[in-house]
Amino acid sequence: LVVDEGQPASFVVLAEGSPIAYQWFRDGEPIPSATNHVYTLETARVSDSDAAFFVVLSNALNVVTSDPVRVDVTPLPRLLLPFDHLWRYNITGVGLGTEWLQPDYDDSGWPQGPGPLGIESAVLPVPLGTSLPSGNVVQTTYFRTSFFYDTAQPAGVQLYLTNMIDDGAVFYLNGIEI
């Protein structure tokens with residue numbers, strides 16, 4: 001059963017005869033109050049992935065156990081950097097080589113401001129948070145920021161990059177071009 005994170009996941013069993021008693025289980029443990037022909041996981045969480053759900057049906061004549069159904073919860077995208085995230089920038093025009101790419105590079109002397117950053121007079125989809133000086137046009141401007149990502153559940157993680165670029169850009173993550 002595949003379900004998006006935050007959505008409900010319902011399990012239904014159909015049986016004939018009466019009276020029938022139902023008991024739903026998760027990973028071999030009975031789920032309290034799950035004693036109907038339908039069990040709904042109201043809000044699926046990533047931690048529910050790979051959990052096995054099954055039901056035991058019983059009456060005076062028989063006991064039947066269903067096959068387990070595993071849940072696969074698709075995580076919702078997580079916004080790591082909103083457009084107004086704080087960035088440091090270097091607009092000196094001096095080439096910085098490759099040292100600036102390293103996560104431990106000291107950029108504390110660089111100016112900083114909220115994004116988006118740029119030099120633009122046209123209307124943009126998102127207004128500039130920081131207007132860079134336009135007096136001396138340089139070939140290369142360097143931008144740096146940091147963010148935290150909880151790596152407790154790195155399996156299946158995909159990083160999507162959205163940008164607003166007029167001329168060109170190269171992106172690096174922890175010193176590696178992406």
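A few notes on this one:
- Amide proton proximity set for A52, modelled H, under 5 Å, gap of 5+: D27
- Coordinate range along principal axes, alpha carbons of the chain, Å, largest first: 88, 35, 23
- Projecting the Cα atoms of T40, L132, F147 onto the charge dipole of the chain (Cβ charges, centred on the Cα centre) puts T40 farthest toward the positive pole.
- Restriction of the trypsin sites (Lys or Arg not before Pro) in the stretch 53-124 to DSSP coil positions whose beta-carbon has at most 11 other beta-carbons within 10 angstrom yields R78.
- Full extension of the chain segment joining L86 with D150 gains 21.1 nm, where the gain is 0.36 nm per residue of separation less the Cα-Cα distance.
- Exposed GluC sites (Glu not before Pro) absent: longest stretch of the chain, with sites in DSSP loops and at most 13 other Cβ within 10 Å deemed exposed: 43-178
- Equivalent ellipsoid semi-axes - Cα gyration tensor, the stretch 36-116, angstrom: 58, 14, 8
- Total formal charge among the other residues, if their Cβ is under 14 angstrom from that of V55, Lys/Arg +1 and Asp/Glu -1: -2
- Cβ-derived FRET efficiency at R0 30 Å, D104 paired with T74, nearest 0.05: 0.30
Only the coordinates and a few stated rules stand behind these numbers; no lab work does. Every value quoted in this text rests on a predicted model; they were computed, and no experiment measured them. Don't worry about glycine lacking a Cβ; one is built from the backbone with ideal geometry, like all the others, and counts go over all protein chains shown.
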